[in-house]
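Shown next, in structure tokens, is the structure this report addresses.
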Amino acid sequence: MSLLEMLQNQLAGEPAAQIGQQLGTDQAGAQKAIGAALPALMAALAGNATKRGGASALANALERDHDGGVLDDLSGFLGQR
């Protein structure tokens with residue numbers, strides 16, 4: 001399973017409904033937006049990672065600012081917004 005598929009699975013169902021509520025749309029609309037946004041975000045990250053120093057900068061940002069815990073309770077995170 002690819003990283004993109006894993007992220008799409010994490011955002012399916014209740015998380016998509018919560019995102020839809022925050023965006024003023026339904027779950028199906030949110031799922032469609034997620035399906036369009038994730039590949040674009042992944043492509044942008046990949047593009048940045050291929051630039052000189054980009055991979056290192058990305059790794060440093062992840063280490064400094066993100067512990068991955070948001071994926072452990074995605075619904076809780078989305079409910080806070």
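May I ask you to give the solvent-accessible area per residue for the chain, in square angstrom, as obtained with a 1.4 angstrom probe?
Value returned for the chain: 71 Å² of accessible area per residue.
Enter the mean projected area of the convex hull around the alpha-carbon atoms of region 3-81, in nm², rounded to one decimal. All intermediate terms of the calculation are to be shown ahead of the outcome.
Numbers: hull surface 21.9 nm².
One quarter of the hull surface, i.e. the mean projection, equals 5.5 nm².
Over the chain, what is the mean sequence separation of C-alpha contacts under 8 Å (at least six apart), divided by residue count, expressed as relative contact order in percent? Display every interim value, and only then the final one.
Numbers: 50 pairs, mean separation 25.6, N = 81.
For the chain, the relative contact order is 32 percent.
Of the DSSP H helices in the chain, those with a Cα length along their own long axis of 27 Å or more and a mean Kyte-Doolittle hydropathy reaching 0.0 comprise 27-50.
Can you tell me how much longer the chain between residue 14 and residue 49 gets when fully stretched, taken as 0.36 nm per residue apart minus their C-alpha distance, in nm with one decimal? The partial results should precede the final answer.
Values: separation 35, 0.36 × 35 = 12.60 nm, distance 3.13 nm.
That pair, residue 14 and residue 49, stretches by 9.5 nm at full extension.
Label separation (residue 66 vs residue 3): 0.8 nm, computed from points 7 Å beyond Cα along the C-beta direction.
Net length available on complete extension from residue 38 to residue 57 is 4.8 nm, with 0.36 nm assigned per residue and the Cα-Cα distance removed.
Surface composition of the chain: carbon and sulfur atoms hold 57% of the protein heavy-atom accessible area at a 1.4 Å probe. Computed per residue of the chain from DSSP H runs no shorter than four, each worth -39500 (n - 2.57), the mean residue ellipticity at 222 nm is -23000 deg cm²/dmol.
The values are calculated or read from the model by the stated rules, or taken from the named source; none is laboratory data. Values in this document were obtained by computation on a predicted structure and should not be read as measured data. Note that each Cβ is placed from the backbone with ideal geometry, even for glycine, and that neighbours are counted across all protein chains shown. Please note that ligands, DNA and RNA were not included when accessible areas were found on the heavy atoms of the full protein model with its side chains. Shrake-Rupley method; radii C 1.70, N 1.55, O 1.52, S 1.80 Å.
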